[in-house]
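So the structure is just underneath, and the comments pick up after that.
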């Protein structure tokens, strides 16, 4: 096979770049709820994800992962091929895609429903949605290590 050494070097370079890059998706910035006394969006997200003594778990991160994790490696491989092996661009595209999936999970979440007192306070029964701050706080970032 002609060019086999060059091809192997190219694959090694791609693998090395992929090994040093990572994408994080979640509540990256330290966002607080407007009008609160500094209530952290990340803390409220944690309480909703895992529940508390008074709030049942509403696992939007874990549900998104469970629903989509088997698709991500194939999507990443297809994107990497489509954009000429650009690892950073692939990670950025994957991050945006996963971010969108988490937001969709939050917006579609229905069970368990809100408590009657919460429905009365909010004026509607949509778990994980009040002002929209939670889903607007979901972001992604790519970093090289």
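The values are calculated or read from the model by the stated rules, or taken from the named source; none is laboratory data. None of the values given here were measured: they were computed from a predicted structure. Positions of Cβ are generated from backbone atoms using ideal geometry, with glycine treated the same way; all protein chains shown enter the neighbour counts.
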Residue 9 vs (1) at pLDDT 90 or above; (2) farther than 24 Å from residue 139 by Cβ: all pass except (1)
Which condition number in (1) in a helix (DSSP H, G or I); (2) surrounded by 16 or more Cβ atoms within 10 Å (Cβ to Cβ) is the one that residue 127 fails? (1)
Could you please let me know if residue 104 is under 26 Å from residue 70 (Cβ atoms), in contact with a strand residue (DSSP E or B) (Cβ under 9 Å, 6 or more places away or on another chain) and assigned to a helix (DSSP H, G or I)? no
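Looking only at residues in segment 56-78 that are in a loop (DSSP other than H, G, I, E, B) and surrounded by fewer than 18 Cβ atoms within 10 Å (Cβ to Cβ), which one is farthest from the chain's Cα centre (by Cα)? Talk me through it step by step, then tell me what you get.
Within segment 56-78, the first condition is being in a loop (DSSP other than H, G, I, E, B), and the residues that meet it are 56-59.
Within this subset, residues satisfying the condition of being surrounded by fewer than 18 Cβ atoms within 10 Å (Cβ to Cβ) are 56-57, 59.
Working: 56: 21, 57: 18, 59: 12 Å.
If we take residues in segment 56-78 being in a loop (DSSP other than H, G, I, E, B) and surrounded by fewer than 18 Cβ atoms within 10 Å (Cβ to Cβ), then 56 is farthest from the chain's Cα centre (by Cα).
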Evaluate segment 25-39: report whether one residue or more is at pLDDT 90 or above, outside any loop (DSSP other than H, G, I, E, B) and within 19 Å of residue 134 (Cα to Cα). yes
Within segment 44-63, of all residues that are touching a helix residue (DSSP H, G or I) at 6+ places or on another chain (Cβ under 8 Å) and under 15 Å from residue 110 (Cβ atoms), the one modelled with the lowest pLDDT is 48
What are the pairs with Cβ atoms under 9 angstrom where one residue, in segment 78-92, is on the phi > 0 side of the Ramachandran plot and the other, located anywhere, is part of a helix (DSSP H, G or I)? Sequence gap at least six, or different chains. 85/10; 85/13; 85/14; 85/17
Just wondering, is there one or more residues in segment 79-86 that are surrounded by 14 or more Cβ atoms within 10 Å (Cβ to Cβ) and modelled with pLDDT of 90 or more? yes
Residues of segment 110-132 being in contact with a helix residue (DSSP H, G or I) (Cβ under 6 Å, 6 or more places away or on another chain) and within 21 Å of residue 46 (Cβ to Cβ), in sequence order, are 128, 130
Checking residue 92 against (1) exposed (fewer than 12 other Cβ atoms within 10 Å of the Cβ); (2) under 26 Å from residue 63 (Cα atoms), which test does it fail? (1)
